[in-house]
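Take a look at the structure set out below.
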Amino acid sequence: MNSLDAQKVLCVLYADPSTGMPSHYARDSIPTLTQYPDGQSLPTPASIDFNPGHLLGSVSGGLGLERFLIDRGHQFVVTADKDGPDSVFEKELADADVVISQPFWPGYLTAERIEKAPNLKLAITAGIGSDHVDLQAAMDRNITVCEVTWCNSVSVAEHAVMQILALVRDYIPQYDLVVKGGWNIADAVSRSYDIEGMDVGVVAAGRIGLALLKRMKPFDVTLHYTDRHRLSSDVEQELGLTFHESVESLISVCDVVSIHCPLHPETENMFNDSLISKMKRGSYIVNTARGKICDREAIVRALESGQLAGYAGDVWFPQPAPNDHPWRTMPNHAMTPHTSGTSLSAQARYAAGVREILECWLEGRPVRDEYLIVQGGALAGTGAHSYSEGDSTGGSEEAAKFTSSGL
Ligand code: NAD
């Protein structure tokens, strides 16, 4: 094993809570999982220096990596200041060897930024979804890109179930009514339906899409999916799934469509005016995959016209969403900021996964195949299965428009 000399590890994380790091937590522990649903093992770092269930994804949490890196003589720089040419991220990138970033608060690694980072050899996604990296530029520069496969797939599936129910039952206005002191039941139910009996479909049945299908089955709905890889007939039969060769076929029969493919050139702007016009009037879309898979203005138009009865999700483009992003104020939405994959439970898994990747990298051992997106100048591992070549970071500079009010 050849351990690497001192490395500069640059880590982009979201800001600490507005009231400072928590002094105590709502729960004392998180459940201990033994394996993921397909048998893949949870992260296997040699050890960890954090408390599972504590806030690790913000700057002071530092993914629990500081002691590990500093004790081994490496440099560890953590910042939330990531957008624009004067950001700490852009300045520190000039001599960074490794970049770690989270999709929730992505440090966009565009071709221009990669060009300015001659030492960069490894980009780790602390989570799942590496579209914030120009994957084409990473391939061209022989930079390895990896993510912590499975770490928050179930977290996202749970969030998608919540948002499907929130939309179909029209939960958010009912909650608002209570908080405002009202009791007009007719107002509260005028857009509220049961999901039972509806047709529910997923665009992509990978780790998250399949987890969602399994969770929706007990609601007695008819389940559909499309994916470029077909599931086994056993799984199709067990869940009663109808496979569709194309997304057009799927959306034409579904009442609810949940999106679970990665963002890459094949899926960018997939849900545009043309596709949405082929959906049933009054359909619902839930998108916890990536904001750019949906055309921003087309979603607003469809909600305003009633073609869509509701839209929810937790992914935006860019992130943070500019303060005047129209999805903040469009009708009949149930959006959250990008939180589904960064519950305290998920943070423990992706912090451990990043530690595992760093241990491997720094000790000259291979990173697990399932964590790889790009390696050796080509898509690899999960990247080869789930992505296509090219870049989807265009327009990310708009993230610099966001001004924080501390919220
Ligand atoms: P996965 O690799 O297990 O599944 C992705 C699936 O998408 C694969 O089955 C693949 O075949 C399919 N796919 C790719 N391109 C397609 C296309 N053009 N048409 C149809 N299917 C296509 O990944 P996963 O763990 O299920 O995660 C999926 C995505 O969800 C991530 O890439 C990320 O963008 C997003 N995600 C979001 C959050 C969040 O916090 N909101 C967290 C994790 C992941």
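Things to note:
- Those strands (runs of 3 or more DSSP E) of segment 1-114 in which at least 1 residues are more than 26 Å from Gly381 (Cβ to Cβ), considering only elements entirely within it, cover 75-79.
- Exactly one residue among Arg349, Arg355 is open to solvent by 20 Å² or more (accessible area, probe 1.4 Å) and either touching a Leu at 6+ places or on another chain (Cβ under 8 Å) or without any contact (Cβ under 8 Å) to a residue 40 or more places away in the chain (or both), and that residue is Arg349.
- Elements of type helices (runs of 4 or more DSSP H) contained in segment 162-219, each with 2 or more residues being within 19 Å of Tyr284 (Cα to Cα) and open to solvent by 30 Å² or more (accessible area, probe 1.4 Å): 171-179, 207-216
- Search result, residues across segment 382-407 that are assigned to a helix (DSSP H, G or I) and in contact (Cβ under 8 Å) with a residue 24 or more places away in the chain: Thr382, Gly383, His385, Ser386, Ser396, Glu397, Glu398, Ala399, Ala400, Lys401
- Note on segment 64-74: residues that are touching a residue at least 60 places away in the same chain (Cβ under 8 Å) and either under 11 Å from Asp49 (Cα atoms) or open to solvent by less than 90 Å² (accessible area, probe 1.4 Å) (or both) total 6.
- Selected residue [under 26 Å from His338 (Cβ atoms), in contact with a helix residue (DSSP H, G or I) (Cβ under 7 Å, 6 or more places away or on another chain) and in contact (Cβ under 8 Å) with a residue 24 or more places away in the chain] from Asp83, Asp38: Asp83
- Taking residues in segment 319-341 that are more than 16 Å from the ligand (Cβ to nearest atom), and partners anywhere that are open to solvent by 30 Å² or more (accessible area, probe 1.4 Å), the pairs with Cβ atoms closer than 6 Å and at least 6 places apart or on different chains are Pro322/Lys401; Pro322/Phe402.
- Residues of segment 140-159 classified as over 18 Å from Ser101 (Cβ atoms), among the aliphatic types (A, V, I, L, M) and more than 9 Å from the ligand (Cβ to nearest atom), total: 1
- Top-ranked residue in segment 372-404 [being within 16 Å of the ligand (Cβ to nearest atom) and among the acidic types (Asp, Glu); ranked as most open to solvent (accessible area, probe 1.4 Å)]: Glu389
- Flag if Glu266 is within 9 Å of the ligand (Cβ to nearest atom), touching a residue at least 24 places away in the same chain (Cβ under 8 Å) and open to solvent by 30 Å² or more (accessible area, probe 1.4 Å): yes
- For segment 46-61, a residue qualifies if it is open to solvent by less than 50 Å² (accessible area, probe 1.4 Å) and either in contact with a Gly (Cβ under 8 Å, 6 or more places away or on another chain) or under 25 Å from Ala211 (Cα atoms) (or both), and the qualifying residues are Phe50, Gly53, Leu55, Leu56, Gly57.
- Under the condition of being assigned to a loop (DSSP other than H, G, I, E, B) and of a type in the set (A, V, I, L, M), the residues counted in segment 230-273 number 3.
- Checked against (1) among the charged types (D, E, K, R); (2) assigned to a helix (DSSP H, G or I); (3) open to solvent by 50 Å² or more (accessible area, probe 1.4 Å), Lys292 passes all but a single condition, namely (3).
- Some residue of segment 125-133 being more than 19 Å from Glu268 (Cβ to Cβ), within 16 Å of the ligand (Cβ to nearest atom), modelled with pLDDT of 95 or more and not in a helix (DSSP H, G or I): yes
- Of the residues examined, Leu358 is not one that is within 16 Å of the ligand (Cβ to nearest atom) and more than 24 Å from Gly395 (Cα to Cα).
- Residue match in segment 316-330 (condition: out of contact with any His (no Cβ under 7 Å at 6 or more places or on another chain), in a helix (DSSP H, G or I) and either modelled with pLDDT of 95 or more or crowded, with 20+ Cβ neighbours inside 10 Å (or both)): yes
The values are calculated or read from the model by the stated rules, or taken from the named source; none is laboratory data. Computed from a prediction, not measured in an experiment: that's the story for all the values here. Every residue, glycine among them, receives a Cβ derived from its backbone with ideal geometry; neighbour counts consider all protein chains shown. Protein only, heavy atoms only, side chains kept; ligands, DNA and RNA dropped before computing areas. Shrake-Rupley method; radii C 1.70, N 1.55, O 1.52, S 1.80 Å.
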